[in-house]
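Single-structure report; data block below.
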Amino acid sequence: MNSAKGDPQKVIKNGLRQIFHRAWFLQPVLRQLDRMEALIMATQADVDALTAQDEQVNVRLNQGVNELKDEIDRLGESNPEVDLSGLTSALAPLETLASDLENDNIPAAPTDPNNQPHPDQTLPGDL
């Protein structure tokens, strides 16, 4: 490096050599960053798709709850002597679930020490 100090061409050549050497050294890092960026973009697409599915589930669940409530009301109107309080009570947890899903108010599932869902926790995919 000291020998190139006096000659501008050697200084430039030596500087370029160092730049290219450092750039070559960074190529694997740049490739890894490109892969990470692609993964992040794929992950964002996955999140967007899951969000759309979540919204569809919310809409269908709310429609189902409303249809059940309407049906219970019709049954009550056409059969006033029949006690429908059991059906109404059974619908209450479903109404709460629909409301919680719509408001993104879902508590974390309890887990056991092995990080498995609690046996009493029913997940939507398990229905």
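The values are calculated or read from the model by the stated rules, or taken from the named source; none is laboratory data. Because the structure is predicted, anything quoted here is derived from the model rather than measured. Glycine also receives a Cβ, built like all others from the backbone with ideal geometry; neighbour counts cover every protein chain displayed.
Could you please find all residues in the stretch 16-68 being of a type in the set (D, E, K, R) and over 30 Å from A90 (Cβ atoms)? If the condition is that a residue be of a type in the set (D, E, K, R) and over 30 Å from A90 (Cβ atoms), then R17, R22, R31, D34, R35, E37, D46, D48 are the ones that fit. Of all residues in the stretch 73-100, those being over 35 Å from the mean Cα position of the chain (by Cα) and β-branched (V, I, T) number 1. Scanning the stretch 1-14 for residues that are modelled with pLDDT under 75 and surrounded by 11 or more Cβ atoms within 10 Å (Cβ to Cβ) yields one hit, A4. Selection of the stretch 74-110 for residues being at pLDDT below 85 and farther than 24 Å from T51 by Cβ yields only P110. For first residues located in the stretch 56-81 and surrounded by fewer than 15 Cβ atoms within 10 Å (Cβ to Cβ), partners that are not in a helix (DSSP H, G or I) and lie 6+ apart or on another chain with Cβ distances below 8 Å form the pairs L75/V82; L75/L84.
Of A23, A45, all but one fail to be at pLDDT 75 or above and either within 30 Å of A98 (Cα to Cα) or assigned to a helix (DSSP H, G or I) (or both); the exception is A45.
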